[in-house]
Amino acid sequence: MNRFINEKSGFTLFEFFMSLVILAVIFGIAVPIILYVISMVRINAFKNDAYNVLEAVKIHVATTNFDTIPDEGIEISKLNIELKNNNFDGGIVKKIGTDKFEIVNLRKANYCAYGTTDNMKATDKGCGALDQTKPLSPHIYIKSVDEGLTLIATATDLESNIVGYEFSIDNSKYTTKSSSNEYTFKNIKNGTHKVKVRVTNEAGLKTSSSIVEINIDTYKNITCYEKNDLELYQSKKNIVCKYPSGKDYIYEYSIDNKNWTKIDLKNNLYKFNFTDNKTIYTRVVFKDKVISFNTINVLNIDNTLNDAYPILLDNMIPVIYDSDKKVWLKADSRLKYFDYDNKIWANAVFVRRVKDTDDALSNNRDYYLSDKAIGKEIYSKDIVAHFVWIPRFKYNIFNLSNIKKDPILIDVMFENKNTEVSDGKKVGEFITHKAFMYNDGVNGFWVSKYQTSVAETSSCYNDINSCNKDDLILYGVESNKKLTNISISNAHLNAKNMNQANNIYGMSKDVDSHVLTNLEYGAILYLTNSKYGIGNNYYLSSTTGNMTGVFDLNSTYPEMVMGNYNKDSGKSKTDNSGFESYGSVKWPDVIDYYNGITSKNRIIGDATGETNNWYGSYAKFVNGENPFFIRGGVMDNKSSIYNYSSFTGNKNELYTFRTVLTK
């Protein structure tokens, strides 16, 4: 008789779940430790980089002149020293005594180091995290009592930034820490209240202000407004403030919230004149107590463009580039989102109307147009077209002879269409660039940041032989596949149709959309070769050397532009542009016509004769058989944005184009 023994094998369900819990606990403990160890290894590696910098400085000083390190310190980039891992973002070397050195804020991305070989500190949270001093001079003031009690706080910090503000009223708990220096207490009773603020710097160090007593019943606001209610960008602004009146009141303003200057009112008003962006504080003092306070922030003055400011078209979204996250963020159009002095050109995008329901990162156009999207990422797959603003300018004529000359830094001055046109005729005189003189003149134009492409769902995307037609939907985004093998007349028709009803951009009918002209191409190059672009340097990928410039100008594909000899439509009935008379397409309204076939017949400003052979560029002028210009790209094995040649206007697998928008 066989005996069967019911032996236990494997895990019970309870044991299985307990094992999972134990593993989860171990995992929860181990992962933070592992991440911390990895972080410390990287921080220590960066600290070693800092030691290497100081060692290299010692060698440099020993073999050169000790005085090459001034008392105030010197940027490491200005020292002729060889550094390992020398792609630092910045850092200053200072002398300490006679033979020691200190590195101050050696930076690379979020890593920062500060100290000497004997005492070096490093972090991966930015240089502010190394701050060893508490915030200074925290103050709290009333801004308004109209809808509750609105307080505004100020403070300074010598080594980092103030990143947190917490407010307290009548000895209550502090509010939740916020990056905003304003806070409104709602439903506050009349009478006297005690308020204070606690501020935090980047290193987490905190300082509290003294308690300030505020009597809401007797408080009177300082109200400030912009004279004439002007908006957006100007070269100067006038802000008028109205003050409460009272016997023995003292009225003051300050630019640093420390040193105060008395002001005299006229009819209880004072006008502040701003010619640059700054913050001004103003207050009313009575019997040594601040009874009213306000802060004036002016952030949208521009003294460079001279009113040639970017004009945002319907449904166009201004963007700024976040170099840390490597994404485009929505900008606030009411503030400056450009800085041409520092080579930051204005950028704007069009986005899809509806979100992609299969992509969790996608959003719709209404969201991107709303204020709640300001400062948030514009998802790259939602962008259908990206444009860069080229402001109207005049430039100093530098070559009228078409003789080959070395490249120079072109002298450019921005202007607006309401100023008198400069019509210089001699070298050394200024001339308004003719790219801004089409029709009645414009303040500038939006040029596609990238060469034209199509959607991946388009038949043209996968079959180049399906591209030569007039009903394509054009994209202006970064793409490995450019729209090629299309005639210049069909390129014109597709560009012209970008503003048609129900277009993907949300563009209005009154927008002029066209293929980039030869003169507009020249204007881009002249701005590029000025102090506002890469200057007298060889172009690599961007007109500014950063992400805000125009891209692809020297890509593999030269660009068809609207520049034509004598309204000739091509070489023959079988090899032509498609424009009349060989074709049936009417000639564009915006195009440059040339009356000769050598560079002597160039139009000043088109970057042909004036910039002849710059950076070893290729040059071949238009003629009767090849009456259209192509620009940039690679020609005769030469890659240069200053290349120019000619073609029949017919489709070509190597030629693409880009679009321009004006209004």
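The values are calculated or read from the model by the stated rules, or taken from the named source; none is laboratory data. Keep in mind it's a predicted model, so treat the numbers as computed, not measured. FYI the Cβ positions are ideal-geometry reconstructions off the backbone, even for glycines, and counts take in every protein chain you see. Note: areas computed on protein heavy atoms with side chains; ligands, DNA, RNA excluded. Shrake-Rupley method; radii C 1.70, N 1.55, O 1.52, S 1.80 Å.
List of remarks:
- Residue in the stretch 653-661 that is more than 36 Å from the chain's Cα centre (by Cα), of a type in the set (Ser, Thr, Tyr) and open to solvent by less than 10 Å² (accessible area, probe 1.4 Å) present: no
- Unmet requirement for Tyr538, which otherwise passes all of (1) of a type in the set (Ser, Thr, Tyr); (2) more than 22 Å from His433 (Cβ to Cβ); (3) crowded, with 18+ Cβ neighbours inside 10 Å: (3)
- Among the residues making up the stretch 584-629, those that are farther than 18 Å from Met560 by Cα, assigned to a loop (DSSP other than H, G, I, E, B) and not hydrophobic (A, V, I, L, M, F, W, C) are Ser584, Asn595, Gly596, Thr598, Gly609, Glu610, Thr611, Asn612, Asn613.
- Residue satisfying all of: in the stretch 548-565; at pLDDT 95 or above and open to solvent by 40 Å² or more (accessible area, probe 1.4 Å); farthest from Ser646 (Cα to Cα) among these: Tyr557
- Qualifying strands (runs of 3 or more DSSP E) (wholly inside the stretch 338-399; at least 1 residues being under 16 Å from Glu478 (Cβ atoms) and not aromatic (Phe, Trp, Tyr)): 347-351, 383-391
- Residues that are surrounded by 17 or more Cβ atoms within 10 Å (Cβ to Cβ) and under 20 Å from Val354 (Cα atoms), drawn from the stretch 473-503: Leu474, Tyr475, Gly476, Val477, Met498, Asn499, Asn503
- Once the stretch 233-243 is narrowed to residues that are assigned to a loop (DSSP other than H, G, I, E, B) and farther than 15 Å from Lys266 by Cβ, the residue that is most open to solvent (accessible area, probe 1.4 Å) is Lys236.
- If you check Ile5, Ile26, Ile69, Ile22 for being modelled with pLDDT under 80, surrounded by 10 or more Cβ atoms within 10 Å (Cβ to Cβ) and more than 34 Å from the chain's Cα centre (by Cα), only one passes: Ile69.
- For the stretch 190-205, a tally of residues being part of a loop (DSSP other than H, G, I, E, B) and open to solvent by less than 60 Å² (accessible area, probe 1.4 Å) returns 4.
- When Thr261 is tested against the conditions (1) touching a His at 6+ places or on another chain (Cβ under 9 Å); (2) open to solvent by less than 80 Å² (accessible area, probe 1.4 Å), the lone failure is (1).
- Selection within the stretch 206-222: residues that are open to solvent by 50 Å² or more (accessible area, probe 1.4 Å), touching a residue at least 24 places away in the same chain (Cβ under 8 Å) and not acidic (Asp, Glu). The member of this set that is nearest to Ala153 (Cα to Cα) is Ser208.
- Every residue from the stretch 158-179 that is open to solvent by less than 30 Å² (accessible area, probe 1.4 Å) and within 32 Å of the chain's Cα centre (by Cα): Ser160, Gly164, Tyr165, Glu166
- Test: residue in the stretch 342-354 that is surrounded by 16 or more Cβ atoms within 10 Å (Cβ to Cβ), over 12 Å from the mean Cα position of the chain (by Cα) and either β-branched (Val, Ile, Thr) or over 25 Å from Thr662 (Cα atoms) (or both): yes
- Residue match in the stretch 519-533 (condition: surrounded by fewer than 18 Cβ atoms within 10 Å (Cβ to Cβ) and farther than 18 Å from Ile591 by Cβ): yes
- Scanning the stretch 123-142 for residues that are closer than 17 Å to Leu205 by Cα and either part of a strand (DSSP E or B) or hydroxyl-bearing (Ser, Thr, Tyr) (or both) turns up Thr123, Thr133, Leu136, Ser137, Pro138, His139.
- Selection status of Ser508, open to solvent by 10 Å² or more (accessible area, probe 1.4 Å), assigned to a loop (DSSP other than H, G, I, E, B) and touching an Asp or Glu at 6+ places or on another chain (Cβ under 6 Å): yes
- Any hit, the stretch 293-302, residues being part of a loop (DSSP other than H, G, I, E, B), among the charged types (D, E, K, R) and open to solvent by less than 60 Å² (accessible area, probe 1.4 Å): yes
- Asp118 vs. criteria modelled with pLDDT of 85 or more, touching a helix residue (DSSP H, G or I) at 6+ places or on another chain (Cβ under 7 Å) and either more than 30 Å from Glu213 (Cα to Cα) or open to solvent by less than 30 Å² (accessible area, probe 1.4 Å) (or both): no
- If the condition is being β-branched (Val, Ile, Thr) and either open to solvent by 20 Å² or more (accessible area, probe 1.4 Å) or modelled with pLDDT under 95 (or both), then the stretch 612-640 contributes only Val634.
- Among the residues of the stretch 280-289, just one is within 19 Å of Lys242 (Cβ to Cβ) and surrounded by fewer than 17 Cβ atoms within 10 Å (Cβ to Cβ), namely Phe286.
- Taken over the stretch 176-197, the criterion of being closer than 18 Å to Tyr165 by Cα, touching a residue at least 12 places away in the same chain (Cβ under 8 Å) and among the β-branched types (Val, Ile, Thr) is satisfied by Thr184, Val195, Val197.
- Inside the stretch 438-447, residues that are within 11 Å of Glu520 (Cβ to Cβ) and either touching a Lys or Arg at 6+ places or on another chain (Cβ under 9 Å) or crowded, with 24+ Cβ neighbours inside 10 Å (or both) make up a count of 5.
- Residue check, Ser581 part of a loop (DSSP other than H, G, I, E, B), surrounded by fewer than 22 Cβ atoms within 10 Å (Cβ to Cβ), modelled with pLDDT under 95 and of a type in the set (Ser, Thr, Tyr): yes
- Selected residue (only one of Lys426, Lys434, Lys469 is basic (Lys, Arg), touching a Leu at 6+ places or on another chain (Cβ under 8 Å), open to solvent by 60 Å² or more (accessible area, probe 1.4 Å) and under 23 Å from Ser513 (Cβ atoms)): Lys434
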